[in-house]
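Comments concern the structure below.
Read-outs: derived from the displayed coordinates by stated rules, not from any lab. Every value quoted in this text rests on a predicted model; they were computed, and no experiment measured them. Note: ideal-geometry Cβ built from the backbone for every residue, glycine included; neighbour counts use all protein chains shown.
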Amino acid sequence: MALMKDDALHALPARAVLLKGDWDYRIRNITKKQLKELNYTKLVDFFRYQTEEFAAGEFWGKTMRAACLACEYTGDSELKELLDRTVDDLLSIQGEDGCLSVHPTSKQPYKADLWERKYVLLGLGQYYEMTQDDKALKGMIRLADYTIGQVGPAPKVPITETGWAFYGMESSSILEPVMKLYHWTGYKRYLDFAKYIIEDAGGCARENLFEAAYSGKYPMDIGSNGIPEESVAKAYEMMSCFEGLMEYYRATGEEKWKEAVLRFYGNLVDQEVTIIGSGGADKPHNLGPGTGEQWNRTKFEQTNPDIHLMQETCVTVTWMKLCLQLLRMTADPAVADELEKSVYNALLGAAKPEGNYFEYFPKLNGTRDAQVNFSYDIDGFPLSCCTANGPMGLVLLPFVAAMKDEEGPFIQLYLAGEYQIELAEGQKLAWTIETTYPVEGTIRLKITQAPDNGLIVPFRLRIPAWSLHSSLHVNEGKAYSAQKGTYREIRRQWSQGDVIRLELDMTGRIVTAPHGSNRAGDPFIALLRGPLVLSRDARVGGDIQARVDIPSDAEGRVELRAVPPTTARIAAQFVVPSKEGEFQVVDYASAGSTWDEKSEFRTWMPI
């Protein structure tokens, strides 16, 4: 295994986490309604018959990536058999030269060809990680070698001359699976190809993406030629390249590239990530290909009334994955805060309650809808890029909720369930989490199995930056400080039955509109409570378009009163004090959940 830099944090293995309640239901429901429902043979047919349909080859790999994690979490034997069959099916049509493409050899590499191969490699790679089956690894090696034989320095086709609209940026995101192959095999040719993408080609013919990020350039401006209609700042594809750069850093230890990713991430937080944890829009600065999917300084423009499409679900999921890359490497609780924001708002808000669809462009005000930029009908299943990507966000959660280093656990997301880790000398530590978080802020963590050799183990609990006044006790006795924006460590010899009780500060918070380029977007506020963004919803009464005047303290904090949800499709509901009289709000993910005008909603409220 060719790795130079080890991660600070590692995911727990399959079956070490069993979630309870809503999260477990969501993962099992998306597994049943989508990951087991899709016709995988039809997904392979795009390659079998080389249909030449645009980007159709991405669907198999996207679906496999999520389905393998779902299989690891659920232990679903039927799903495992389905995945075994489709891997055998795909590999059975792989050419003797290693080719797997939806385009005939005479046209390769054509448009989305390398992008699609990236997802084939990622799907096979996820299967290999789950099964350790050499057939998947061998299939990856053959496809990667076939690709390297076509693309690279002259006389091969330059990678920046491939792709469909972004001067090779979309193709250069193949960097991630190529580097994973290097980690698994140690074959130098994969590291050499990655170095070519990063240092020679730069990921884009317009500008070296990685050097631009290292210099601190805003993502919106990377690759710009000054013509808004020709922008190449496509959010999803650009982030995918930096996922690969992180894998390159793990292999080489070159600190410059870690710093490039950190600066890119920091600029996304400062410039692009919206209140719900996504980004990208169709206006006002970049108007290039991929309508609604370009970096546009979206953090500041999110109330701009000229914007029609924004916050692609593919962006949400890829942003979550980029956050996870950095969380693994840095153990920075601020990164976990960002990931949590995306989970509870952008990701869940896009997920249709039935479990078989993800909204392409989740709005901040309006109604949920099925408008898409790009989709295929797979035996009656309307599969868009976002519906294919959405499940990945959900199935990541069991592998993020708790993580570990060589000493003990880090609690990242307070999801109810059962957890266990292996410690030194074969010892185990297991615990449960009981909570209704984020509806309420009480988390009760109980030790169900402790080491029997007197081992002292640290628990590290994330105290979110928004929780100004938290309380932390062990066994209702000793109190521990719990400073916001940190991991609070409790290091002791644990016994079965020990209880950690954490109370997070769930006081409501008012945030004002960020004042972008259009003054018509200024006179608005939004409400937050814990990690939740709150919205007015037509189902809970009142004029959702009415102006509000909410009294708050000097820090913009306001007391909200929880009330029973009006319908089963609302997870959390609160009463808000206002000088015009009380009104009610719901969590953003529940807002609009009838997917019609009955639940029209407003997140940014006029003042």
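Mind giving me the nanometre distance, one decimal, between the label points for E96 and R48, set 7 Å out from Cα along Cα→Cβ?
Rounded to a tenth, the inter-label distance reads 2.2 nm.
For the pair D7/H473, report the inter-label distance in nm, with labels modelled 7 Å from Cα in the Cβ direction.
Output for this residue pair reads 3.6 nm.
Mind listing which GluC sites (Glu not before Pro) in the stretch 540-607 are in a DSSP loop and have 16 or fewer other Cβ atoms within 10 Å?
Working: sites: E555, E559, E580, E582, E597, E600; in loops: E555, E559, E580, E582, E600.
Filter output for the stretch 540-607: E555, E559, E580, E582.
Take the Cα coordinates of the chain, assign each an equal point scatterer, and use the Debye formula without solvent to give log10 I(q)/I(0) at q = 0.05, 0.09, 0.10 Å⁻¹.
Summing over Cα pairs of the chain leads to -0.21, -0.70, -0.88.
If you add up the charges near S599, with Lys and Arg at +1 and Asp and Glu at -1, over every other residue whose beta carbon is less than 10 angstrom from its beta carbon, what do you get? Mind showing how you got there, number by number?
Details: positive: R368, R539, R569, K598; negative: D537, D596, E597, E600.
So the surrounding residues net to 0.
What is the stretch 366-507's relative contact order, in percent, from Cα pairs under 8 angstrom and six or more apart in sequence?
Working: 265 pairs, mean separation 26.6, N = 142.
The value is 19 percent.
Quick one: Cα centre-to-centre distance for the stretch 150-228 and the stretch 449-467, in angstrom?
41
With no solvent and one point on each alpha carbon, what is the Debye value of log10 I(q)/I(0) for the stretch 449-491 at q = 0.24, 0.25, 0.28 Å⁻¹?
Cα-only, vacuum Debye calculation for the stretch 449-491: -0.86, -0.90, -1.01.
Taking the Cα centre of the chain as the origin and placing charges on Cβ (Lys, Arg +1; Asp, Glu -1), which of T162, N518, L327 is farthest toward the positive end of the dipole?
L327
Once every DSSP H run of n ≥ 4 in the chain is given -39500 (n - 2.57) and the sum is divided by its residues, what mean residue ellipticity at 222 nm do you get, rounded to the nearest 500 deg cm²/dmol?
Numbers: 16 runs with 193 residues, N = 607.
Counting only the DSSP helices, I get -10000 deg cm²/dmol.
Test of understanding: extend the Cα→C-beta vector of D270 to 7 Å, then name every residue of the stretch 185-209 with backbone N under 19 Å from that spot.
Output list for this probe position: 209.
Explain nothing, just the number: dipole magnitude of the stretch 104-164 about its Cα centre with +1 on each Lys and Arg Cβ and -1 on each Asp and Glu Cβ, in debye rounded to the nearest 20.
Working: 8 positive and 7 negative charges, 38 e Å.
Rounded to the nearest 20 debye, it is 180 debye.
What's the extension gain from Q427 to H515 if we count 0.36 nm per residue and subtract their Cα-Cα distance? Each step should come with its number before you reach the end.
Numbers: separation 88, 0.36 × 88 = 31.68 nm, distance 5.40 nm.
Here the answer is 26.3 nm.
Taking the Cα centre of the chain as the origin and placing charges on Cβ (Lys, Arg +1; Asp, Glu -1), which of Q371, I141, L12 is farthest toward the positive end of the dipole?
In the chain, that residue is L12.
If R₀ is 45 angstrom, what is the calculated FRET efficiency for the pair E259 and I456, using the beta carbon separation as r and rounding to 0.05?
Once the sixth-power term is evaluated, E becomes 0.80.
Around G477, what is the net charge, scoring Lys/Arg as +1 and Asp/Glu as -1 over all other residues with Cβ under 13 Å from its Cβ? Mind dumping the intermediate values first?
Values: positive: K478, R492, R501; negative: E476, D498.
Residues near G477 contribute +1 overall.
Please list 223-231, 62-70 highest first by mean number of surrounding beta-carbon atoms within 10 Å per residue.
Values: 223-231: 15.6, 62-70: 25.8.
Ranking, from highest mean packing down: 62-70, 223-231.
Size of the dipole of the chain about the Cα centre, Lys and Arg at +1 and Asp and Glu at -1 on the beta carbon, nothing else charged, in debye to 20? If you can, show how the numbers build up before the last one.
Details: 66 positive and 84 negative charges, 162 e Å.
In debye, rounded to 20, the chain gives about 780.
By the gyration tensor of its Cα atoms, with a ≥ b ≥ c the square roots of the eigenvalues, what is the shape of the stretch 1-100: rounded for a/c under 1.5, prolate for a/b over b/c, or oblate?
Details: a/c = 2.31, a/b = 1.37, b/c = 1.68.
It comes out oblate by the Cα gyration axes.
Rg to Rh for the stretch 276-389: what is it, with Cα atoms only and Rh by Kirkwood?
0.98
Calculate, for R561 and K352, the FRET efficiency according to 1/(1 + (r/R0)^6) with r their C-beta to C-beta distance and R0 25 Å; round to the nearest 0.05.
Details: r = 29 Å, r/R0 = 1.18.
So, using R0 = 25 Å, E works out to roughly 0.25.
Pairs of alpha-carbon atoms within less than 8 angstrom and 6+ residues apart define the contacts here; what relative contact order does the chain have, in percent? Could the numbers behind the result be given before it?
Working: 1337 pairs, mean separation 73.5, N = 607.
Computed over the chain, the figure is 12 percent.
If you take every residue apart from Q449 with its C-beta less than 12 Å away from the C-beta of Q449, what net charge results, scoring Lys and Arg +1 and Asp and Glu -1?
Numbers: positive: K428, K446; negative: E418, E422, D452, D498.
Net of charged neighbours comes to -2.
Say the dipole of the stretch 1-82 comes from +1 at the beta carbon of Lys and Arg and -1 at that of Asp and Glu; which of F47, C71, A2 then lies farthest toward its positive end?
Positive-end residue among those listed: C71.
Dipole size in debye (nearest 20) for the stretch 160-255 around its Cα centre, Lys and Arg Cβ +1, Asp and Glu Cβ -1?
On the way: 8 positive and 16 negative charges, 65 e Å.
Taking the Cα centre of the stretch 160-255 as origin, the dipole is about 320 debye.
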